[in-house]
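To start, the structure under review is shown below, and the notes come after it.
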Amino acid sequence: MRRVEVKKGDFVLKEEVEVVFEKRVTPFGNSAKVDVPKRYIGWRAYVIVVRD
């Protein structure tokens, strides 16, 4: 069961998690991308954009 909460700047995600990646967003044509290992093709993913 998926549950997402945002309260006063705190973010809570309750989900069965396989792995968490922290990667730098890189340019890709007129857009951007985040690379992950090939074994995760077809999986659902969360991308959370935060300020540096």
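Values in this text are rule-based calculations from the coordinates and carry no lab data. Worth saying up front: this structure is predicted, and the values here are computed from it rather than measured. Cβ coordinates were reconstructed from backbone atoms using ideal geometry, including for glycine residues, and neighbour counts include every protein chain displayed.
Quick notes
- Members of the range 1-41 that are farther than 18 Å from Arg51 by Cα and acidic (Asp, Glu): Glu5, Glu15, Glu16, Glu18, Asp35
- Residues satisfying the stated conditions in the range 1-50, i.e. among the basic types (Lys, Arg) and surrounded by 10 or more Cβ atoms within 10 Å (Cβ to Cβ): Lys14, Lys23, Lys33
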